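This report concerns only the one structure given below.
Every read-out reported here was derived from the displayed coordinates using simple, explicitly stated rules and does not represent laboratory data. Just so it is clear, the model here is predicted, and its values are computed rather than measured. Backbone-built Cβ (ideal geometry, glycine too); neighbour counts: all protein chains shown.
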């Protein structure tokens with residue numbers, strides 16, 4: 001059987017390599033590990049920086065091929081809730097919108113689910129791994145005016161709560177539509193130090209994090 005994946009850099013298997021000081025695609029990402037441990041073949045359509053808006057475009061282009069996949073994994077939200085931090089830094093008192101506003105995110109996700117179901121495939125949704133607010137703030141505010149960004153946020157922990165609101169939409173849709181959910185967030189938060197599962201940027205799961213996601217996905221699909 002075959003599975004395909006649509007999503008962002010987490011779904012793609014991108015991590016930050018501190019030695020090389022850049023993002024790289026790792027072999028031992030959760031999709032690769034899942035393919036090794038099961039009889040499924042995996043085709044990964046996920047892309048770095050992908051939002052639900054872009055994901056819908058990519059999914060629509062593959063409508064004809066979707067029926068050949070038993071399951072279609074969807075993993076969005078991390079880029080959708082992100083802000084243009086350089087603009088925030090310059091004008092913290094202005095109103096700044098995320099890449100994809102929350103209500104629009106929900107509407108687009110529903111369209112993707114409907115496309116998958118119409119193709120006769122089983123949709124599987126990935127929840128969002130939790131952020132490490134401190135690390136994430138330091139990462140996105142590099143070379144920017146950190147005090148201005150703090151002024152806009154009010155509280156650095158607001159980043160975590162804002163990100164969590166997108167995860168709540170994913171879980172709500174999964175429950176209402178009776179869709180398989182790979183609850184990455186809950187499993188990560190059960191760890192004593194979930195930040196040990198994240199890269200230095202505070203948002204991308206590292207290899208240890210991907211191993212945990214793979215185990216979770218194997219348990220759910222089985």
* To do: For region 105-177, divide the Cα radius of gyration by the Kirkwood radius and give the resulting Rg/Rh value with two decimals.
  => 1.15
* Structure fact -> Taking alpha-carbon centroids only, region 199-216 lies from region 2-34 a number of Å equal to 9 Å
* Whole-number percent relative contact order across region 2-221, with pairs defined as alpha carbons under 8 Å at least 6 apart -> 26 percent
* Structure fact -> Counted neighbours (other Cβ, 10 Å), sorted fewest up, put 50, 199 in the order 199, 50
* Likely footprinting exposure, 220, 115, fewest C-beta neighbours within 10 Å first -> 220, 115
* Can you tell me the 0 to 90 degree angle between the C-alpha axis of helix 102-118 and the longest principal axis of the chain, rounded to 10? => 10 degrees
* Theoretical gain in end-to-end length, residue 196 to residue 95 [0.36 nm per residue, Cα-Cα removed] -> 33.0 nm
* Asked: What value, in deg cm²/dmol to 500, does the helix sum -39500 (n - 2.57) over DSSP H runs of n ≥ 4 give at 222 nm once divided by the residues of the chain?
  -> -13500 deg cm²/dmol
* To do: Averaging over all projection directions, find the projected area of the Cα convex hull of region 2-68 and quote it in nm² with one decimal place.
  => 5.0 nm²
* Structure fact -> With 0.36 nm assigned to each residue of separation and the Cα-Cα distance removed, residue 220 to residue 177 gains 13.8 nm
* **Inter-label distance, nm, simple model (7 Å from Cα along the C-beta direction), residue 155/residue 28** => 3.8 nm
* To do: List 71, 210 from most exposed to least, where exposure is judged by having the fewest other Cβ atoms within 10 Å.
  => 71, 210
* To do: Would you mind getting the Kirkwood hydrodynamic radius of region 13-164 from its Cα pairs, rounded to one decimal in Å?
  => 17.5 Å
